[in-house]
Amino acid sequence: MFRKVMSATIIGVNCIPIQVEADVRNGLPGFSMVGYLSSRVREAQDRVCTALRNSGFSFPAKHITVNLSPADVKKDGTGFDLPIAAALLSAFGYLDFACLENVCMAGELSLSGEIKGIKGILPIVDRAVKEKCRLCIIPKENAKEVEMIDEIPILAVENMRELADCAALKNWGAVRNSTKKWEDAVYEGEWDFSEIAGQEAAKEAAVIAVAGFHNLLMIGTKGSGKTMIAKSIPSIFPALSKEEAMEISGIYSAAGLLSQENPIMKTRPFRTPHHTASPKALAGGGQIPRPGEITLAHKGILFLDELPEFSRSTLEILRQPLEEHKICISRVSGNFQFPADFLFVGAMNACPCGYYPDRNKCSCSDTEVAKYMGKISGPIFDRFDLCTEMKQVPKEQLWKKKKGKTSRELREIIKEVYDIQKERYQGKENSFNGRLKGQEIEKYCETSLEGKKLLKRAYEKMNLSVRVYHKILKTARTIADLEKSEKIEVSHISKAVSYRALEKKDW
Ligand SMILES: [Zn+2]
């Protein structure tokens, strides 16, 4: 008797469909499992047999063969317990085979027959939707993670008995799609933008950065509020769409970072790895790589505080993803590609003691200052669209009651710029000015004659690289969008140039 059941597995952050086949025939009693399996998958054999017996199913001594295909994909994890058990129950005649047809399932079994939650249920259900399955069976523990998916009926079960009972009643049909509606959520962070005193230029740079997805670098004296601004950035991001939230949640689900209390990522991730982080921690590591910080920051913010304190090799890892918005990792087990499209925000002091250029407090020599700045390579510097210099806010400004715009107000303004970009880049993969490439820049960054002249002058005088030249244009596009100007005018160019001006300063 031969039976097969659909399942899926996570490799890195990708989900691959797997067929679980069980064959039962007369002969020497035994159990063999094949199909390029890790030892964790092999252990399923003992778990499944014991769990089924303890759930009250008895089966005659026969030879059982279980195969997981395709054979060229290494299978790992405990999620195959449930499909193996279901295929066996069907092969022994406890489950009607018609019930299992075109049904995708995943879950771990305990010896008592309980079905336990697994990592990555969201991408698995999502894969089932794409494979046009008619039903998904998942552990009850994972039910919350997928309550926003309404494209497929989902049955969340607690134990094998319940599964068999549902199948016996043939009441798959009674399983209803989720009726939970998607609600927008915004990040209510520690700080509101209106609480930040002074630092108008830096705050404006942050708004431009978020509005067009431009990378932002803040350089300044200790205590000038760099970290405070960075931590407030999530609060000015417009709410995620359901699709974006599902994409981010899929990554977190695969990484096992979602919990019962936090079953879905409803706001953009804000990742702040410490400066002792290794290149692996940033890029993703392990034999079958786990997503690193840059992938966990996908569609959100990666904030590196004390940038020069990061090791050079860690920073260099960022070069490819900052250009291509994904990272490729090669391992013996294969090549992996992870998404890594994030807003990069960096902060740094201008010297080792942190007080430069305040010469009353800073005693670092010029060589020390130059060496400190030199810790960040030119290519990394070039990847920032906006660099802003921050000085300590004078005390009298600190107590001024006049407050700037609130995060909420800024969010509304940025939302409008998102809508402008969405319309402009309709049908394109990218929907942000900061992601324009090659010929698109020429096409979408139409500049007035005066603007062009200024840009040319800046290019020659500041001896800019082509990459920086393009970055200025893209930034100017966002500044123009913020002012609802269709054409890029000279004022937009000059503001964009001013945010690059400090790179040619001799520190
Ligand atoms: Zn110093």
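The values are calculated or read from the model by the stated rules, or taken from the named source; none is laboratory data. Just so it is clear, the model here is predicted, and its values are computed rather than measured. Cβ sites come from the backbone with ideal geometry, for glycine too, and all protein chains shown count toward neighbours. To get the accessible areas, we keep the full protein, side chains included, count just its heavy atoms, and leave off ligands, DNA and RNA. Shrake-Rupley method; radii C 1.70, N 1.55, O 1.52, S 1.80 Å.
When restricted to residues that are outside any strand (DSSP E or B) and in contact (Cβ under 8 Å) with a residue 40 or more places away in the chain, region 310-341 contains 12. Within region 5-26, being in contact with a strand residue (DSSP E or B) (Cβ under 6 Å, 6 or more places away or on another chain), within 18 Å of Gly93 (Cβ to Cβ) and surrounded by fewer than 19 Cβ atoms within 10 Å (Cβ to Cβ) holds for Asp23, Arg25. Could you check, for region 409-423, whether at least one of its residues is outside any helix (DSSP H, G or I), away from the ligand (no atom under 16 Å from the Cβ), surrounded by 13 or more Cβ atoms within 10 Å (Cβ to Cβ) and not assigned by TED's automatic domain parsing to the domain that holds Leu282? Within region 409-423 (the criterion being outside any helix (DSSP H, G or I), away from the ligand (no atom under 16 Å from the Cβ), surrounded by 13 or more Cβ atoms within 10 Å (Cβ to Cβ) and not assigned by TED's automatic domain parsing to the domain that holds Leu282), the answer is no, since none of the residues qualifies. One residue is enough: does region 311-322 have a residue meeting the conditions more than 14 Å from the ligand (Cβ to nearest atom), modelled with pLDDT of 90 or more and in contact with a Cys (Cβ under 8 Å, 6 or more places away or on another chain)? Yes, the conditions are met somewhere in region 311-322. Of all the numbered requirements in (1) more than 30 Å from Lys130 (Cβ to Cβ); (2) within 37 Å of the chain's Cα centre (by Cα); (3) assigned to a helix (DSSP H, G or I), Ser112 misses one, and that requirement is (3). Would you point out the residue of region 424-437, among those that are outside any helix (DSSP H, G or I) and among the basic types (Lys, Arg), that is nearest to Ala480 (Cα to Cα)? Restricting to residues being outside any helix (DSSP H, G or I) and among the basic types (Lys, Arg), the top hit is Lys437.
Scanning region 491-507 for residues that are over 11 Å from Leu473 (Cα atoms) and of a type outside the set (Gly, Ala, Ser), which turns out modelled with the highest pLDDT? In this case the residue turns out to be Tyr499. Note on region 151-168: residues that are outside any helix (DSSP H, G or I) and in contact with a Phe, Trp or Tyr (Cβ under 9 Å, 6 or more places away or on another chain) total 2.
Restricted to region 50-77, and to residues there that are touching a strand residue (DSSP E or B) at 6+ places or on another chain (Cβ under 6 Å) and basic (Lys, Arg), the residue that is farthest from Lys119 (Cα to Cα) is Lys62. Looking only at residues of region 332-354 that are polar (S, T, N, Q) and away from the ligand (no atom under 16 Å from the Cβ), we find that the one that is most open to solvent (accessible area, probe 1.4 Å) is Asn335. Scanning region 247-260 for residues that are open to solvent by 40 Å² or more (accessible area, probe 1.4 Å) and closer than 15 Å to His298 by Cβ yields Glu247, Leu257. Can you confirm whether Pro263 is at pLDDT 95 or above and open to solvent by 10 Å² or more (accessible area, probe 1.4 Å)? In short, no. Taken together, Ser259, Ser224 contain a single residue that is in the same structural domain as Met373 (by TED's automatic domain parsing) and either in a helix (DSSP H, G or I) or polar (S, T, N, Q) (or both), which is Ser224. Restricting attention to region 100-114 and to residues that are within 25 Å of Ile16 (Cβ to Cβ) and open to solvent by less than 10 Å² (accessible area, probe 1.4 Å), the residue that is modelled with the lowest pLDDT turns out to be Leu100. Restricting attention to region 368-380 and to residues that are open to solvent by 70 Å² or more (accessible area, probe 1.4 Å) and in a helix (DSSP H, G or I), the residue that is nearest to the ligand (Cβ to nearest atom) turns out to be Glu368. Of all residues in region 444-473, those satisfying the criterion of being more than 24 Å from Pro321 (Cα to Cα), in a helix (DSSP H, G or I) and either open to solvent by 80 Å² or more (accessible area, probe 1.4 Å) or touching a residue at least 60 places away in the same chain (Cβ under 8 Å) (or both) are Leu449, Glu450, Lys452, Lys453, Lys456, Arg457, Tyr459, Glu460, Lys461. In region 355-367, the residues that are more than 6 Å from the ligand (Cβ to nearest atom) reach residues that are open to solvent by less than 100 Å² (accessible area, probe 1.4 Å) and part of a loop (DSSP other than H, G, I, E, B) with C-beta atoms within less than 6 angstrom, at least six apart or across chains, in these pairs: Asp358/Thr221; Lys361/Tyr355. Apart from one condition, Ile288 fits all of (1) surrounded by fewer than 22 Cβ atoms within 10 Å (Cβ to Cβ); (2) of a type outside the set (Phe, Trp, Tyr); (3) in a strand (DSSP E or B); the exception is (3).
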